[in-house]
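What follows is a set of notes on a single structure, which appears directly below.
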Amino acid sequence: MCWRFARDSRADPSADSPANLAEEAAVAWWRSRGAARLEYWLDADRAEDRLPGHPAIRTSWFEAMAFCRWLTLRWQRAELLALDLDIRLPTEVLWERAARGPQRPGQPAHRRWPWGDEWCVGIANTSEAGLGTTTAVGLFPDGSAEKVRDLAGNCWEWTATRWGADCGNPANYWPLDPGDGRNDPGGEDLRIIRGGTYFLAPRDCRCAYRFGLIPLDWTINLGFRVSRVSLANPVF
């Protein structure tokens, strides 16, 4: 599920500012943007802030990380989240597992799209749908392997995983090694985005399609979703 920054803050004006609960690596950047003020997260001039249920867009990787940290502490204080769990951006591995789903009899082991190996018209918000904008999360319920909505199209999604320093030369994190630093929050490496967006063709919204962006970047078609992770058994 994708989250809107303003949801909790509007409901509770005294809510902790997400910027005050940020990861150390990004604090200086948030302060330079004035992100410690509640007004930073509530922009009445942004049309997408008036679209209930739409994904949170125009968000940098740092902002997405800050929100995850804020939501973790807020839910733990409200006893909505156990202390041994964390809210985080999904790693690239976790994102792709959610997109492809488990292997089932009669289906390919590596689905090209979340629903299968063949493109189906009308079950994802890509250029083929012709909408030209994001849609409310879950508007395309059939485009999912395991009821995880909008993993193809709608908006790009940040992951926790490093792409590398060079946009044209991604780091080779294979074979998988949880100790190789691919998901470390520090540093200036580009970060991997997944899922495609509403103006891309179906081929660019495949489960395997990936790209790297500077963590400071934000666009009208770039958002994020959150994952719940066990601290005792984190997913890499």
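Summary of computed values
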{"read-out": "For region 106-231: rounded, prolate or oblate by the Cα gyration tensor [a/c cutoff 1.5]", "value": "prolate"}
{"read-out": "For H54, residues with placed amide H under 5 Å, excluding near neighbours", "value": "V137"}
{"read-out": "Residues in region 189-212 reached by a label modelled at E128 [backbone nitrogen below 13 Å; 7 Å Cα→Cβ]", "value": "200-207"}
{"read-out": "Estimated FRET transfer efficiency (L83, D184; beta-carbon r; R0 25 Å; 0.05)", "value": "0.60"}
{"read-out": "Whole-Hz couplings from phi, Karplus 6.51/-1.76/1.60, listed for region 53-61; x for Gly and Pro", "value": "x, 6, x, 6, 10, 6, 10, 7, 4"}
{"read-out": "Under the Karplus curve 6.51 cos²θ - 1.76 cosθ + 1.60, θ = phi - 60°, whole-Hz ³J(HN,Hα) for region 174-179, x wherever Gly or Pro sits", "value": "8, x, 4, 9, x, x"}
{"read-out": "Separation of alpha-carbon centers, region 195-234 and region 110-127, rounded to whole Å", "value": "16"}
{"read-out": "Inter-label distance for A232 and T219, nm, one decimal - labels placed 7 Å from Cα along Cα-to-Cβ", "value": "4.2"}
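Any read-out appearing in this document is the output of simple, stated calculations on the displayed coordinates, not a laboratory observation. Here the structure is a predicted model, which is why all the values come from computation and not from measurement. Glycine also receives a Cβ, built like all others from the backbone with ideal geometry; neighbour counts cover every protein chain displayed.
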